[in-house]
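Inspection log for the structure reproduced underneath, given as structure tokens.
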Amino acid sequence: MTVAAHDPRPKKVQIADALRKEIAALPAGHRLASLRELADRFKVTTVTAGNALKVLADEGVIVSVPARGYFVQSPLSTDHAGQNAGGPVNRDEINAIHSEIQQLAARVAELEKRAQSPSSA
């Protein structure tokens, strides 16, 4: 799989989005592919692959273990009232916002493309 050149999102975001979908089906603690393997898979540099993993780590989806690799993070624990113990993070809401941002970025790219092409009036 390669990143799409026509996609307005940065390469690291495209990779993070692809991995996020795969990670959702993996159990907590599952080890992810190495940076080199991910770079080969997506046909990018290891720096870009690492930046994609950093996006996921910043979101709390994965965790980095030095000298061991990247692992699927266990879901946030909830307290007895059903609230996230780590704070007001709502993954469903974040995912919905992320999806809306992707759709808006695609619409903006299409509008910019139309604005640059000559009008046939």
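The values are calculated or read from the model by the stated rules, or taken from the named source; none is laboratory data. In this text the structure is predicted, and so the values were computed from the model without any measurement. A quick note on method: Cβ atoms are made from the backbone with ideal geometry, for glycine too, and the neighbour counts reach across all protein chains shown. For accessibility, only protein heavy atoms count, side chains too; no ligands or nucleic acids. Shrake-Rupley method; radii C 1.70, N 1.55, O 1.52, S 1.80 Å.
If you take all other residues with their beta carbon under 12 Å from the beta carbon of Thr45, and give Lys and Arg +1 and Asp and Glu -1, the sum is +3. Glu100 contributes about 110 Å² of solvent-accessible surface, heavy atoms of the protein only, 1.4 Å probe. Give the residues of the stretch 21-65 whose amide nitrogen is closer than 17 Å to a point set 7 Å from the Cα of Asp7 in the direction of its Cβ. Flagged as within label range: 21-24, 38-57. Ordered from highest to lowest accessible area with the whole protein assembly present and a 1.4 Å probe, His98, His30 read as His30, His98. For the residues Lys21, Lys113, a 1.4 Å probe over the protein chains yields an accessible-area ranking, largest first, of Lys21, Lys113. Simple spin-label estimate for Ser117 and Asp40 gives 4.0 nm between the two label positions (7 Å along the Cα-to-Cβ direction from each Cα). Below 8 Å between Cα atoms, with a sequence gap of 6+, how large is the relative contact order for the stretch 1-49 in percent? Relative contact order of the stretch 1-49: 50 percent.
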